[in-house]
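Following: one structure in structure tokens, then a few remarks.
The values are calculated or read from the model by the stated rules, or taken from the named source; none is laboratory data. Note that this is a predicted model, so its numbers are computed, not measured. Counting neighbours? That spans all protein chains shown, and the Cβs are built from the backbone with ideal geometry, glycine included.
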Amino acid sequence: MNINSDQVKERLGRGTAEAEEIIGNPSKVDEILVQLEEKLKEVPKIGETLSDLPLMIAMIKAWVTKEYTVVSPKVIACLVGAIIYLLKKKDLISDSIPVIGIVDDLAVMALALKLSEPELKAFVEWRDARNQG
């Protein structure tokens, strides 16, 4: 059961397109973030690959509330799209297959985090400066 990068990119692209439609609605975004937190409770060990998830959630929330607006809506859509993919039941590999079933979810989320790395770093700098001021 190999997952190639083209499949992962295609799935992330679909999620991003769906996310672009809903990121203007703070209550929908907040609902998705709550669902993500619940989904992550099912993951026994998140690991280094997803260690930026709390940061990602904080950046999305700050963007939605307009506290932090310098990040591109495309980046937010990419991250929310990955969350939507994680929460949807239509995966490349069914979540019902123990351990292996979450691999595609993790691959999509890891790619979204990797693509958003510069924006996440900028958000950390903004947040740290704000907390010191």
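Structure notes:
- Only one of Ile22, Ile46, Ile3, Ile84 that is at pLDDT below 80 and more than 29 Å from Asn131 (Cα to Cα): Ile3
- Tallying residues that are over 18 Å from Ile102 (Cα atoms) and out of contact with any helix residue (DSSP H, G or I) (no Cβ under 8 Å at 6 or more places or on another chain) within segment 14-39 yields 6.
- Any chance Ala77 is crowded, with 17+ Cβ neighbours inside 10 Å, closer than 20 Å to Ala107 by Cα, of a type outside the set (Ser, Thr, Tyr) and modelled with pLDDT of 85 or more: yes
- Matching option when the condition is at pLDDT below 85, charged (D, E, K, R), outside any helix (DSSP H, G or I) and surrounded by fewer than 17 Cβ atoms within 10 Å (Cβ to Cβ), among Lys90, Lys66: Lys90
- Within segment 111-133, the set of residues being in a helix (DSSP H, G or I), of a type in the set (Gly, Ala, Ser) and either in contact with a Lys or Arg (Cβ under 8 Å, 6 or more places away or on another chain) or closer than 22 Å to Pro73 by Cβ (or both) comprises Ala112, Ala122.
- When segment 3-39 is filtered for residues that are assigned to a helix (DSSP H, G or I) and small (Gly, Ala, Ser), the ones remaining, listed by number, are Ser5, Gly13, Gly15, Ala17, Ala19, Ser27.
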